[in-house]
Amino acid sequence: MKLPDFLTYLNHRVESLRASWKLNEGKAFGMWFAQEYFELGDADAFESISVDGGNDKDIDLFYVDHEVERVVVAQLKYEAKGKYKGKKNELLGILHATDWLKDPEALSREGRPELAAAAQDYVDAIGKGYSVEYLYVFCGADHKDVLDAARQFNVNEAGNVPSKHCTVISIENLKTLHEESIDQSTRLDSCEISIEKDTFFEETGTFGNAVVSTVTGEQLRLLHETFGDRLFDRNVRLFLGAHKGGVNAGIRDTLGSASDRKNFWAYNNGVTFICDQYKRKDNKIALTNFSIVNGCQTTVSLANATLQAARESKVLVRFIASPEGVIDSIILFTNSQNPIRLWDLNAQDKLQKRLKRELADLPKPYLYVLRRGEKRQLTLDERKKYKRDGKLQVIQHDLNAQYLAALRGLPAIAYKDKGKVFSTHRDEVFPAQVRAEEVALAWQAGNVAKDLVKAELEAAAKGEDQRRLAILKRGATFFTLAIMGILLHERNGGVFLNKLKPEVAGSKKTAKRLRNYAEISLEWHVETVSDLVDSGNEIASIVRSQEGWNKIKPRVQSKWKVFKVAKAVMEAALPKF
């Protein structure tokens, strides 16, 4: 994609988001960036930019990424023609922004409840050892002073706890980000790398041709200085930071030790390059149309280390010249160095594998995805089996676990602490007797609630209903589901899930009935939280923990007692399953 084409696309998206959500251009750009960079849905993307406004302490976007245990703060500058001039002072502003986030109470006293809520999230995350990523994002060309300041910050912060890292994202990076999101990412044209003398061998196979060798850390450091994050256009993710106790922290600590870094070659899994072709001559290897597909964390850690540490470290490297069709498999199978997530471990549980088989055998079957990449491995016949109305019927195991948790009365855990769904509350969310029909119903309910919240968010934005907006953008999908759980059991009986028929669980008729439950539940959630706010509670505090749900739940149960008195209305509004 050429830059003018990307700018046309970007400007169209910014205008669309601005009109739909009643935002200014800067916030609309931030919402687009959150969707592309973090792969967030509309509601979560909208929430991430809610800190932006008057006296925002230079923070335009705030996001706690629990999956990779990092806090992201960003300053974003939109310019429709892509000619914004990055400024060193703006970068320095975002680097100092977290100083304000250390004191949530002070921000609350200033009358900034959204920023105060973000500050509390920041304090909580730092207390858990999360890393901090600062982003300076602007619609313009790279600027040397800005890049130099970011590099110097990263060098100075190397080895500190919590880990802090700064990334500069210019218009070219934004274009690459979009190309990657639509699977049109490109590789870099060419480079020449010095390899250690007489430390290589070549391998040939159906994958293509490869050279295995050793390079100094300085070589990778220089490569990153030249190309920056464009090196990783084909990688599954950019640098994840170095949270306390993580693999990346281990890389940092090894490089910081004068004795340990001499063993770096043995400790580290190495770096994998893919390319169209390579040419080796003496101790030089020239790559054409290349990218790093595994080893981003290693490369960036070396780029942030001291020059001496990089020079004294050696790294195992592979240069693989493969046809495009093989590249995706190389990327998939080489990216396993970072810690396995709790939900990845849970996916290997016997109960999950049983659910996978049973969901596939339902009259309306679902593909229960336990691992990334499963959809790509389906045969044509398998795709036909799981298709309905032209769409592949897929249940994402980790997201559906959050839906199940919310339906079981754990909405704050589902919203704010996904890891506990798969640890502390795993047996509660996935009891031994859980049925495939229940899992399918939860998936339908979750999607109905999510779609409803999205529609209501857009309507509230257009109507400029700030109170409703503030409630809906903070975990409303999960709290709506929790109230739906109450209504479903009150209306259908406490053990109705044990009797739920297979042909009912995944039907369109069931989805329509769930929509009724969702609409009532969402309104009760908004009304209840609004009442709590009028009583002196803050929205962010209400949804942050299960204590908040304990305030909501009895009020919902009271509403139900009143609602069921009008029996005819209740039965018409909430049809049984």
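Laid out as a table, the results:
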| read-out | value |
| --- | --- |
| Among 381-390, 510-519, 268-277, the order from most to least packed when residues are scored by Cβ within 10 Å on average | 268-277, 510-519, 381-390 |
| Carbon and sulfur %, accessible surface of region 35-101 computed with the full protein complex present, 1.4 Å | 45 percent |
| Rounded FRET efficiency, nearest 0.05, which uses the C-beta distance separating Tyr9 from Leu378 and R0 of 25 Å | 0.25 |
| Order by protection proxy (mean Cβ within 10 Å, highest first), peptides 562-569, 438-445 | 438-445, 562-569 |
| Fraction of antiparallel bridges per DSSP, the chain only, in percent to nearest 5 | 60 percent |
| Across Lys353/Lys391; Lys57/Lys88; Lys420/Lys553; Lys350/Lys416; Lys509/Lys559, pairs whose alpha-carbon gap is larger than 19 Å | Lys353/Lys391; Lys420/Lys553; Lys350/Lys416; Lys509/Lys559 |
| For region 113-205, the spread of Cα positions along each principal axis, largest first, Å | 59, 34, 31 |
| Partner aspartates and glutamates for Lys128 [C-alpha distance under 15 Å; skip if fewer than 8 residues away on the same chain] | Asp65, Glu67, Glu69, Asp417 |
| Residues in region 440-454 that a label on Arg357 would reach, taking backbone N under 19 Å of a point 7 Å out along Cα→Cβ | 440 |
| Most to least packed among 124-135, 491-502 [average Cβ atoms within 10 Å] | 124-135, 491-502 |
| Among [x] 109, 77, 47; [y] 86, 58, 47; [z] 89, 45, 44, the entry that matches Cα extents along the principal axes in Å as calculated here | [y] |
| Accessible surface of region 438-516, 1.4 Å probe, proportion on carbon and sulfur as whole % | 48 percent |
| Residues of type aspartates and glutamates that Lys281 reaches as a straight line, Cα spacing below 15 Å, ignoring anything fewer than 8 places off in the same chain | Glu192, Glu196, Asp198, Glu202 |
| Accessible-area value, Glu428, 1.4 Å probe, nucleic acids and ligands omitted, Å² | 90 Å² |
| FRET efficiency for Glu503 and Glu25, using Cβ-Cβ distance with R0 set to 45 Å, rounded to 0.05 | 0.35 |
| 20 Å Cα-Cα threshold exceeded, pairs from Lys27/Lys81; Lys499/Lys576; Lys450/Lys473; Lys387/Lys473; Lys375/Lys501 | Lys387/Lys473; Lys375/Lys501 |
| Theoretical ellipticity at 222 nm over the chain - DSSP helices of four or more residues, -39500 (n - 2.57) apiece, nearest 500 | -16000 deg cm²/dmol |
| Lysines with Cα under 18 Å of Lys284, excluding same-chain neighbours fewer than 8 positions away | Lys197, Lys314 |
| Accessible solvent surface per residue of the chain, calculated while the other protein chains remain in place, 1.4 angstrom probe, Å² | 45 Å² |
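The values are calculated or read from the model by the stated rules, or taken from the named source; none is laboratory data. Small disclaimer: the values here were computed from a predicted structure and weren't measured. Please note: Cβ atoms are built from the backbone with ideal geometry, for glycine as well, and neighbour counts cover all protein chains shown. All accessible areas refer to the heavy atoms of the entire protein, side chains included, with ligands and DNA or RNA removed. Shrake-Rupley method; radii C 1.70, N 1.55, O 1.52, S 1.80 Å.
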